[in-house]
């Protein structure tokens with residue numbers, strides 16, 4: 001998160017922005033434009049906006065995208081969906097959010113991806129029944 005080219009890491013400021021979401025575009029809307037298997041595209045119900053939360057300890061917001069599925073996904077489908085999602089975070093819906101975030105919340109909020117020095121276990125995938 002940035003303002004005037006400086007990274008904002010103050011916990012009080014980060015906490016003040018959440019919950020924060022961008023649902024103008026759904027990630028599920030662009031699935032057919034990607035090189036994904038039709039069975040995966042069919043398995044995803046309309047869903048998948050950007051959501052930002054703060055854990056109270058780190059120096060950044062945490063981004064997430066939640067999908068609703070019509071059936072359980074296979075491990076291969078989950079990997080493909082993660083790859084698609086993180087790609088959209090950095091270029092696509094995430095980039096659209098960056099251009100909107102300053103006007104909407106007063107800060108430039110970017111979605112950080114793999115090449116940005118993230119922990120080895122990133123991204124985290126949570127499955128809910």
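Values in this text are rule-based calculations from the coordinates and carry no lab data. Computed from a predicted structure; not experimentally measured.
Between residue 60 and residue 95, the contour length at 0.36 nm per residue exceeds the Cα-Cα span by 10.9 nm. Taking the chain as a Gaussian network of alpha-carbon nodes connected by springs under 10 Å, the highest mean-square fluctuation of the residues 33, 55, 24 belongs to 33.
Rounded to the nearest 500, what is the chain's calculated 222 nm mean residue ellipticity when only DSSP H runs of at least 4 contribute -39500 (n - 2.57) each, over all residues? Show your work: numbers first, answer last.
On the way: 4 runs with 41 residues, N = 129.
Calculated from helices alone, the mean residue ellipticity at 222 nm is -9500 deg cm²/dmol.
The GNM of the chain, with springs linking C-alpha atoms under 10 angstrom apart, assigns the highest mean-square fluctuation among 36, 61, 81 to 36. For the pair the range 93-113 / the range 7-79, the C-alpha centres are spaced 14 Å from each other.
Based only on Cα atoms, what mean projected area does the convex hull of the chain have, in nm²?
Values: hull surface 33.3 nm².
If you wrap the Cα atoms of the chain in a convex hull and average its projections, you get 8.3 nm².
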